[in-house]
Amino acid sequence: MKDRAITESIPASPALPSLTYSRYATGVLMVVYMLSFLDRQVLSILAEPIKLDLGLADWQIGAVSGLAFAMFYTLVGIPVARLSERGHRPYIIACAITVWSASTVLCGFAKSFTHLALARIGVGTGEAGCTPPALSLIADYVPRERRSSAVAIYMAGAPAGVLIGMVLGGIVASHWGWRTAFLVAGAPGVLVAILVALTLREPRLQLRREEILQSSSSDQSTSKETFAATLKVLMGKPTYRLLVSAITMNAFIQYSVNTFIGSFFFRNHAAEIAEIAVLFGLKPVGFLGISLGLILGLSGVAGSIFGGRLSDHFAKRDIRAHMTVPAIGVLVGTPFYIATFMIDSLPLALGLLLIPSTLNAMYYGPAYGIVQGLVKPSMRATATAVLLLVISLVGLGLGPLIVGAVSDLLTSQGLGEAVGLRWAMTLCVLAAIPTAICFLLARKSLQADLVS
């Protein structure tokens, strides 16, 4: 009865904007997300130069890549999401961009582990204001039948940001050093922040202007929606709990792999990297940055968009396809990850990496899109923020840290840095098995839990 009452109390949504504007707005938000991942992941290709320059251990690289970022990302995420339920979401996003971009620039001035960790905390604080309001806006911009595809386009900004971060970081670092790479990565933020503030609309303002009684009264009630009430609704939905578990475990894999993939190739294929880089007139860090950027970026974008469209297509006949598509993707991709880490040939390893990078990104659109449909509009930003809180603490905060610690442990046992990291990353990707199980279990409750 409670679920029925909740469903019936859903406020009227704002009138959907034109298809042209919704596509424009989704594209701008994708650029914002791309910028956030550029600033977040540029550290990956710079990990080895930073480690050597500042004298860091692998666990410290994992800490500044994940834990330092995630701590404040999670602390700030919930308050920003609550503000997003009532405030002007484009302005919130614009402020967030400014904060994380400035903090990225500060990373270039770090003189120690502590300095770098503090700057990464600033990046995490700013990026907490990105995805909750962005996904909430997309849900107001597009109808439910196109939601997975629209969310997939937004989420494609993550691998696109990895692409640019790897390529830009590798090229700039090879010519001017890792510090300059951070400066260049953070610079575009101001322009994007201005674009968001001036061109993205807040649909709630339309409701107020039109003075639609039902929508206006519902809009007023949403401002009184407490966090405790929202959390109770979320925890009462099996689909949400399973999605949080699945996405978190998959994030554990992705963040860990992206953090150490550059170091893995430098340690296990150093001679081949140097040899091939000379053929292209590049330094090793430049060649590897371009190679990994293209592989992880293009495959991730393709996988995200394809996964969203595929799930929307099959969901017309069976809504549970939104859970089936990501389950198959993460499960099938795992053996190719392991093969990438174990094979001795650099060209073959880079080629194999394309497959799991594509398949593992197919969950973005359906998984995050379904989260928006599990709650009424007044709870969407909070639902995303709670999800991101768990993802950040476990997937981002602990993932790179644990993999780095396991690598250090195996290295200390006599395996060496190259083999130690190889086995740490291999163990990490096995988390895909429980990830797929959670996606498949979510099929059972999905139809009953959807409300918007």
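Which of the helices (runs of 4 or more DSSP H) contained wholly in the stretch 1-68 include at least 1 residues that are modelled with pLDDT of 85 or more and buried (at least 17 other Cβ atoms within 10 Å of the Cβ)? So the answer is 19-54.
You will find that of S136, S148, the residue that is within 22 Å of A361 (Cα to Cα) and touching a His at 6+ places or on another chain (Cβ under 8 Å) is S148 and no other.
Quick grid of which residues meet (1) in contact with a helix residue (DSSP H, G or I) (Cβ under 8 Å, 6 or more places away or on another chain); (2) aromatic (F, W, Y); (3) in a helix (DSSP H, G or I); (4) farther than 19 Å from G293 by Cα:
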site: F109; (1), (2), (3), (4): yes, yes, no, yes
site: A119; (1), (2), (3), (4): yes, no, yes, yes
site: L135; (1), (2), (3), (4): yes, no, yes, yes
site: V162; (1), (2), (3), (4): yes, no, yes, no
site: L168; (1), (2), (3), (4): yes, no, yes, no
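Considering every residue within the stretch 143-163, establish whether at least one is more than 23 Å from S18 (Cα to Cα), among the β-branched types (V, I, T) and touching a residue at least 12 places away in the same chain (Cβ under 8 Å). Yes: the stretch 143-163 contains one or more residues that are more than 23 Å from S18 (Cα to Cα), among the β-branched types (V, I, T) and touching a residue at least 12 places away in the same chain (Cβ under 8 Å).
Residues being within 17 Å of G161 (Cα to Cα) and surrounded by 24 or more Cβ atoms within 10 Å (Cβ to Cβ) are entirely absent from the stretch 75-85. Being within 19 Å of L421 (Cα to Cα), under 18 Å from the mean Cα position of the chain (by Cα) and not acidic (D, E) is a property that P356 has. So, in the stretch 281-304, of the ones that are surrounded by fewer than 20 Cβ atoms within 10 Å (Cβ to Cβ) and under 26 Å from the mean Cα position of the chain (by Cα), which residue ends up farthest from L348 (Cα to Cα)? The selected residue is A302. For the stretch 120-142, the set of residues classified as farther than 19 Å from T20 by Cβ and either surrounded by fewer than 24 Cβ atoms within 10 Å (Cβ to Cβ) or among the aromatic types (F, W, Y) (or both) consists of I121, G122, T125, listed by residue number.
Could you check, for the stretch 108-116, whether at least one of its residues is aromatic (F, W, Y) and buried (at least 24 other Cβ atoms within 10 Å of the Cβ)? No, because not a single residue in the stretch 108-116 is aromatic (F, W, Y) and buried (at least 24 other Cβ atoms within 10 Å of the Cβ). Given the structure, is G87 part of a loop (DSSP other than H, G, I, E, B), at pLDDT 75 or above and farther than 28 Å from L421 by Cα? Spelling it out, G87 is indeed part of a loop (DSSP other than H, G, I, E, B), at pLDDT 75 or above and farther than 28 Å from L421 by Cα. If you check T239, T248, T259 for being in contact with a Gly (Cβ under 9 Å, 6 or more places away or on another chain), part of a helix (DSSP H, G or I) and at pLDDT 90 or above, only one passes: T248. Selection of the stretch 295-321 for residues being acidic (D, E) and touching a helix residue (DSSP H, G or I) at 6+ places or on another chain (Cβ under 7 Å) yields only D312.
Kindly evaluate V278 against the criterion of being among the aliphatic types (A, V, I, L, M), within 18 Å of the chain's Cα centre (by Cα) and either part of a helix (DSSP H, G or I) or under 19 Å from V42 (Cβ atoms) (or both).
no
The values are calculated or read from the model by the stated rules, or taken from the named source; none is laboratory data. In this text, all values refer to a predicted model and were calculated from it rather than measured experimentally. Positions of Cβ are backbone-derived with ideal geometry, glycine not excepted, and every protein chain shown enters the neighbour counts.
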